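Following: one structure in structure tokens, then a few remarks.
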Amino acid sequence: MKKFEKLPNKIPVFPLSNFIIFPETIVPLNIFEPRYLQMVDDAMKDNKIIGIIQPKNSNQAIPALYGVGCAGKITNFNETKDGRYLIVLTGISRFKVLEELKNDKLYREYKVSFDEFINDVNNQKEDIKFSDLELIFKNLKSLFNKQDYAINWKEFEKQSLDQTINTLSMASPFSLEEKQVLLETINLQDRKKKLEEILKTYIVDNFSNKTLH
């Protein structure tokens, strides 16, 4: 609980289309735009926390954002010779957007609440057996093979079940809206069911969705 109480109520946000992270997942990011270089600079001087959230329409200059994202902490930082930042972000907790804050910075900041997702940080693990994921693995393997999408399945065997479900939700070639549904599903058991439901639509459609994002 102490960890939860220390989470900030104001965070910088990095809008990324068709990209989500979950608590305890780890993602590498290549930062090169000036506004996000500034964001990382400021985060490194502060608590190293930034929020990842999907824009509703990435074609807009200042797109509206979805109401739920996930905060992550920069756990590795390297600067390249050409001025890019290569960072590793470790997911902490999902958050709900309350309001955008006015600032004089290049990037956007938001007032947020973590209250709805307290289970992301209280270390309570839900009771899911690895055998419960057999159908998901079977359907995902079929989908990935059909779309020539490479996944190192052995890596999943090294993860906890909640990490496996969250990583599959992140890595699957689903639509922006489908990934957002998975992100906003609070309960892990419910997220597993949602993942199965989404996969069924792809199986039924005979893999008609060929687009990978």
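The values are calculated or read from the model by the stated rules, or taken from the named source; none is laboratory data. Owing to the predicted nature of the structure, the values given are computational and were not obtained by experimental measurement. Reconstructed Cβ throughout: ideal geometry from the backbone, glycine too, with neighbour counts over all protein chains shown.
Consider only pairs whose beta carbons are under 7 Å apart and that are at least six residues apart or on different chains; among these, list those whose first residue lies in region 64-84 and is in the same structural domain as Pro15 (by TED's automatic domain parsing) and whose second residue is of a type in the set (Lys, Arg) and part of a loop (DSSP other than H, G, I, E, B).
Close Cβ pairs satisfying both conditions: Ala64/Lys56; Leu65/Lys56; Tyr66/Lys56; Lys73/Lys48; Ile74/Lys48.
Look at region 161-172 and say how many of its residues are crowded, with 20+ Cβ neighbours inside 10 Å and without any contact (Cβ under 8 Å) to a residue 60 or more places away in the chain.
Total satisfying the criteria: 4.
Please work out if Thr25 is within 24 Å of Val121 (Cα to Cα), surrounded by 12 or more Cβ atoms within 10 Å (Cβ to Cβ), hydroxyl-bearing (Ser, Thr, Tyr) and not assigned by TED's automatic domain parsing to the domain that holds Val181.
Details: within 24 Å of Val121 (Cα to Cα): yes; surrounded by 12 or more Cβ atoms within 10 Å (Cβ to Cβ): yes; hydroxyl-bearing (Ser, Thr, Tyr): yes; not assigned by TED's automatic domain parsing to the domain that holds Val181: yes.
So Thr25 passes the test.
Inspect all residues belonging to region 11-19 and state whether any of them is surrounded by fewer than 13 Cβ atoms within 10 Å (Cβ to Cβ) and not in a loop (DSSP other than H, G, I, E, B). Show your work before the answer.
First, pick out the residues of region 11-19 that are surrounded by fewer than 13 Cβ atoms within 10 Å (Cβ to Cβ): none.
Within region 11-19 (the criterion being surrounded by fewer than 13 Cβ atoms within 10 Å (Cβ to Cβ) and not in a loop (DSSP other than H, G, I, E, B)), the answer is no, since none of the residues qualifies.
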